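Comments concern the structure below.
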Amino acid sequence: MITEPRIPDPDGFYAALLAAHEGRSEAQSADLNARLVLLLANQCADHDVLLACIQAAAEEDPTTTNTP
């Protein structure tokens, strides 16, 4: 699992993510996040990496996970 930043334009990505949530209710934003997670997981398509990401996201500090 890769934990170092690799997004070419992280500020632009974050701005686009915030814009996608703009005007949505909390429930609609949660639904958007769920769809986004599933789409990104499908792009990765590596079962072991996805499980490592779930584990890392559930931890307090995901950067401490050193799974290849």
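The values are calculated or read from the model by the stated rules, or taken from the named source; none is laboratory data. Model, not experiment: these values are computed from the prediction. Positions of Cβ are backbone-derived with ideal geometry, glycine not excepted, and every protein chain shown enters the neighbour counts. These accessible areas exclude ligands, DNA and RNA; they are computed on the full protein's heavy atoms, side chains included. Shrake-Rupley method; radii C 1.70, N 1.55, O 1.52, S 1.80 Å.
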Cβ-based charge dipole, the chain, positive-most Cα from GLN28, ILE7, LEU18:
GLN28
Magnitude of the Cβ-charge dipole (Lys and Arg +1, Asp and Glu -1) of the chain about the Cα centre, nearest 20 debye, reported as 240 debye
With only helices counted (DSSP H, runs n ≥ 4, each -39500 (n - 2.57)), the per-residue ellipticity at 222 nm for the chain, to the nearest 500, works out to -20500 deg cm²/dmol
So, for the chain, what is the accessible surface per residue at a probe of 1.4 Å, expressed in square angstrom?
83 Å²
Provide the packing ranking of 49-60, 16-27, i.e. peptides ordered by the mean count of other C-beta atoms within 10 Å per residue, highest first.
49-60, 16-27
Per its Cα gyration tensor (rounded if a/c is under 1.5, else prolate when a/b beats b/c, else oblate), the chain is best filed as prolate
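Roll a 1.4 angstrom probe over the protein heavy atoms and tell me the percent of accessible area of the chain that is carbon or sulfur.
Within the chain, the accessible surface is 59 percent carbon and sulfur.
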